[in-house]
Amino acid sequence: MKKSLFVMIAALVTLLVACGDNQDNNTNEENNAQTLRVAAVESPMTDVVEIAKKLLAEDGIELEVVEMGDYIQPNEALKNKEIDANFSQHIPFMQQFNENADGNLVDVQPIYFANFGLYADGYESIDELPDDITIGIANDPSNVDRSLRLLDSHGLIELSEIDGEQYGLEDIIDDSHNYSFEQAEIASLSRLYKDVDGVIMNPTHASHLDLTPADDALITEKEDNKFAITLVAREDNVDSELIQKLSEAMTSAEVREFLEEREGESAVPAF
């Protein structure tokens, strides 16, 4: 009798411990599911993610902002599942990464247009810009394409018809101004400003020189372009509830207000 009672008690204790373990595991799974790690490079990308962090906290979702030092790191980290999403690039840049690194990154939601512009020290308008000058542009294929499209859209060069999606320097068929191009890593373009005649760069890097698209750029992009800074995830998590909630927070009224208050039309909402 005592032996049977002992066996029953032992079995009951084992069952209770197992249930407790399952409950702990479920709690841990829920906690893990309510945490997001999102990479960004610099302002205003980091600011937008910080706004989303506050909004998501109201729903019990913890967001960690992971700041990174260049534009490749966020994609490598996302591909390797070290983070859940990133906010640092336009779609052509993401597509170039996927092609080069066999990546599985996908766009979630465009957030804002970083108004690319041509800046030239000492010139007040594009009409003053002389021929035979050197223009600094980014050296990655997607932003070479973007820079050439900017010049073409204002009639400063003419580009050929191409089968692919990206233009290269070899696709210039009419350069009556005889421009030369010096290429550099995109984050280094502001340092070229005093060394060349003009530089095509985004508002973040122009701001390092106290320049804005509205006040200082000789020409800027049109808003109907494909280069909006975009929230990016992976194929395996893009449809998850947490990524969709992140997208909602990053397209909130609070984010729109922040972007619209940015100086000199440097971040135009894309939603």
- [ ] Find, among the trypsin sites (Lys or Arg not before Pro) in the stretch 122-224, those assigned to loop by DSSP (not H, G, I, E, B) with at most 15 other beta-carbon atoms within 10 angstrom.
- [x] Lys194, Lys222
Task: Helix axis angle, 141-153 relative to the chain longest principal axis, alpha carbon, degrees - done: 40
- [ ] State the dimensionless ratio Rg/Rh of the stretch 61-205 (Rg: radius of gyration of Cα atoms; Rh: Kirkwood radius).
- [x] 1.01
- [ ] Could you give me the radius of gyration and the Dmax of the stretch 204-271, taking only the C-alpha atoms into account and expressing both in angstrom?
- [x] 14.8, 43
- [ ] For the stretch 123-271, state the semi-axes of the equivalent ellipsoid (square roots of 5 times the eigenvalues of the alpha-carbon gyration tensor), sorted largest first and rounded to whole angstrom.
- [x] 31, 20, 14
Task: Exposure of Glu42 as accessible area (Å², to 10), given a probe of 1.4 Å and all protein chains - done: 40
Open item on the list: Placing unit charges on C-beta atoms (Lys and Arg positive, Asp and Glu negative, everything else neutral), compute the dipole magnitude of the chain about its Cα centre in debye, rounded to 20.
Closed with: 1920
- [ ] Take every Cα pair under 8 Å in the stretch 111-192 that's 6+ residues apart, average their separations, divide by the length, and report that relative contact order as a whole percent.
- [x] 37
Open item on the list: Compute the angle between helix 241-250 and the longest alpha-carbon principal axis of the chain, please, reported from 0 to 90 degrees and rounded to the nearest 10.
Closed with: 40
- [ ] Step through the residues of the stretch 164-179 one at a time and calculate ³J(HN,Hα) from phi using the Karplus curve (6.51 cos²θ - 1.76 cosθ + 1.60, θ = phi - 60°), rounding each to whole Hz and writing x for Gly and Pro.
- [x] x, 9, 10, 8, x, 4, 5, 8, 6, 10, 9, 10, 5, 8, 6, 6
TODO: Go through the stretch 207-217 residue by residue and turn each phi into a ³J(HN,Hα) via Karplus (6.51, -1.76, 1.60, θ = phi - 60°); whole Hz please, and just put x for glycine and proline.
DONE: 5, 5, 10, 6, 10, 10, x, 5, 9, 10, 6
Open item on the list: If I compute solvent accessible area with a 1.4 Å probe over the protein chains, what percent of it on the chain is carbon and sulfur?
Closed with: 45
- [ ] State the percent of C-alpha pairs, over all pairs in the chain, separated by a distance greater than 31 angstrom.
- [x] 37
Task: Fraction of antiparallel bridges per DSSP, the stretch 35-187 only, in percent to nearest 5 - done: 10
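The values are calculated or read from the model by the stated rules, or taken from the named source; none is laboratory data. Note that the structure is a prediction, hence the values are computed from the model and not measured. Cβ atoms come from the backbone with ideal geometry, glycine included; neighbour counts cover every protein chain shown. Protein only, heavy atoms only, side chains kept; ligands, DNA and RNA dropped before computing areas. Shrake-Rupley method; radii C 1.70, N 1.55, O 1.52, S 1.80 Å.
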